[in-house]
Amino acid sequence: MHIPFYSTERQHQAIGPALQAAMETVLASNRYVLGEQVAAFEAEFAALCQTEHCVGVSNGLDALHLALRALGIGSGDEVIVPAHCFIACVLAVMHTGAKPVLVEPDPATYNLDPSRIAAAVTTRTKAVMAVHLYGRPCPVAEIVQTARRHNLYVIEDTAQAHGAMADGRPSGSWGHLAATSFYPTKNLGALGDGGAVTTNDAELARRMRVLRNYGSAEKYHCETPGFNARLDELQAALLRAKLPHLADWNRQRRQLAAFYLSTLANVPDLTLPPESPDSVWHLFVVRTARRDGLQKHLQQHGIGTLIHYPVPPHLQAACASLGHRPGDFPIAEKIAETCLSLPLYPGLTAEEANYIADTVRQFNFE
């Protein structure tokens with residue numbers, strides 16, 4: 001049996017006519033940039049997040065970067081970022097000229113540990129990035145409370161948590177701004193790159209719209225040095241076709257996660273993610289000291305896996321200017337050394353999930 005780590009094939013087959021119709025609609029419109037499809041998707045995604053505004057942008061990194069710029073964050077400022085996250089979170093801060101200040105995650109959930117935030121705050125700290133990692137909402141209510149005590153902005157990263165509820169509210173509705181990605185493997189994925197920023201602040205939404213479009217609110221009148229970072233009409237139309245299916249796809253993810261949690265519960269020396277009724281299970285990440293051996297074992301049996309993420313941000317060559325060394329963030333480093341993501345996506349069959357679980361149990365963890 002061959003099972004890829006991730007595949008959209010069955011997912012797309014099920015809604016193929018709707019995707020085809022979406023593409024044909026854009027082709028017939030002769031409008032390909034900032035047209036009615038982008039506007040309609042922005043309204044629909046804002047409704048999902050229960051926010052007043054949504055601004056479609058080109059990808060998740062641009063969403064984070066422009067959100068920071070919309071808040072006026074730049075050179076000399078500091079932004080608190082989880083030490084265990086995708087590198088885009090750190091790069092977005094660096095692109096503004098600000099300094100990312102890394103804070104260790106909770107080793108149980110892998111999300112930012114809010115109890116460590118206060119110790120990282122300085123007179124230069126302007127914001128904290130609340131990342132909902134692996135589909136599991138971070139303790140955003142506690143993060144927001146801490147941020148208020150220190151007069152900090154909160155920027156959510158919801159790229160892995162489309163449709164998740166965080167402390168009783170949708171992810172994307174807590175921060176001053178919330179950035180997301182619609183990379184094809186996300187719970188709500190485009191057929192290329194795409195992203196968005198949600199907010200309840202009309203002025204911040206206006207700034208985002210200006211920044212994504214060359215710094216212009218009016219064509220050929222540039223009010224600030226902006227960027228070309230717009231969500232295109234085709235991706236917006238495809239996302240609109242997919243959005244009605246998100247709840248069902250997330251339901252399938254939860255069922256698969258529950259199966260893994262049950263069938264792998266007693267495997268020795270294998271750490272499973274804790275149960276979470278609020279998670280939309282973008283990833284199912286296990287941990288073991290024999291990670292590399294387990295990955296090879298699964299590969300030999302036709303099962304694809306990935307490591308999220310093998311090199312922590314502070315040890316990336318791109319972040320050498322931050323001056324960190326191995327050992328500076330031991331929790332993040334231990335996660336990077338031991339984590340492995342198993343296949344979990346809409347369309348994965350019960351037979352395939354059983355085969356994956358059986359193959360994991362057959363591995364010698366000693």
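The values are calculated or read from the model by the stated rules, or taken from the named source; none is laboratory data. These figures come from a predicted structure and were not determined experimentally. All Cβ positions, even for glycine, are placed from backbone atoms using ideal geometry, and neighbour counts span all protein chains on display. Note: areas computed on protein heavy atoms with side chains; ligands, DNA, RNA excluded. Shrake-Rupley method; radii C 1.70, N 1.55, O 1.52, S 1.80 Å.
Per-structure values
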| item | result |
| --- | --- |
| Projected-area mean, segment 232-366, by convex hull of Cα positions, square nanometres | 11.1 |
| Between segment 229-274 and segment 118-135, the Cα center-to-center distance that results, in Å | 26 |
| Whole-Å distance, taken between Cα centres, linking segment 303-351 and segment 32-101 | 22 |
| Range of Cα positions in segment 260-318 per principal axis (Å), largest first | 40, 33, 21 |
| Size of the chain as Cα extents on the principal axes (Å, biggest first) | 65, 53, 37 |
| Helix-only CD estimate at 222 nm, as mean residue ellipticity for the chain, using -39500 (n - 2.57) per DSSP H run (n ≥ 4) | -11500 deg cm²/dmol |
| Residues of the chain: accessible area per residue with a 1.4 Å probe, Å² | 42 |
| Lysines with Cα under 19 Å of Lys186, excluding same-chain neighbours fewer than 8 positions away | Lys242 |
| Gain in span if fully extended, Asn30 to Thr271, counting 0.36 nm per residue against the direct Cα distance | 81.5 nm |
| Neighbour cut-off at most 14 other Cβ (10 Å), DSSP loop, chymotrypsin sites (Phe, Trp or Tyr not before Pro), segment 30-122 | Tyr32 |
| Surrounding net charge for Ala202, when Lys and Arg each add one and Asp and Glu each subtract one, Cβ distance under 15 Å | -1 |
| log10 of Debye I(q)/I(0), alpha-carbon scatterers only, for segment 1-124 at 0.15, 0.17, 0.23 Å⁻¹ | -0.97, -1.07, -1.27 |
| With every protein chain in place, the chain: carbon and sulfur % of accessible area (1.4 Å) | 51 |
| q = 0.13, 0.14, 0.16, 0.17 Å⁻¹: log10 I(q)/I(0) that the Debye formula gives for segment 117-176, counting C-alpha atoms only | -0.31, -0.35, -0.46, -0.51 |
| Solvent accessible area, Å² - Asp193, 1.4 Å probe, full protein context | 90 |
| Cα-Cα separations in segment 179-259 greater than 16 Å, expressed as whole percent | 62 |
| Over segment 84-237: Rg over Rh, Cα atoms, Kirkwood Rh | 0.97 |
| Per-pair calculated FRET efficiency, R0 = 41 Å: Asp278 and Arg149 via Cβ, rounded to 0.05 | 0.95 |
| Net charge of Cβ neighbours under 14 Å - reference Leu256; Lys, Arg +1; Asp, Glu -1 | 0 |
| At R0 = 30 Å, FRET efficiency that the Cβ-Cβ distance of Val311 and Thr263 yields, to 0.05 | 0.45 |
| Simple label model, 7 Å out from Cα along Cβ direction - Thr123 to Ala289, nm | 4.7 |
| Using a Förster distance of 25 Å, the FRET efficiency for Asp201-Asp167 (Cβ separation, nearest 0.05) | 0.80 |
| Pairwise label distance in nanometres, Cys222 with Arg325, each label 7 Å out on the Cα-Cβ vector | 4.4 |
| Distance (nanometres) between label positions extended 7 Å along Cα→Cβ at Arg361 and Arg251 | 2.8 |
| Restricting segment 174-280 to trypsin sites (Lys or Arg not before Pro) in coil, as DSSP defines it, with at most 15 other Cβ within 10 Å | Lys219 |
| Convex hull volume per residue in cubic angstrom - Cα atoms of segment 311-366 | 120 |
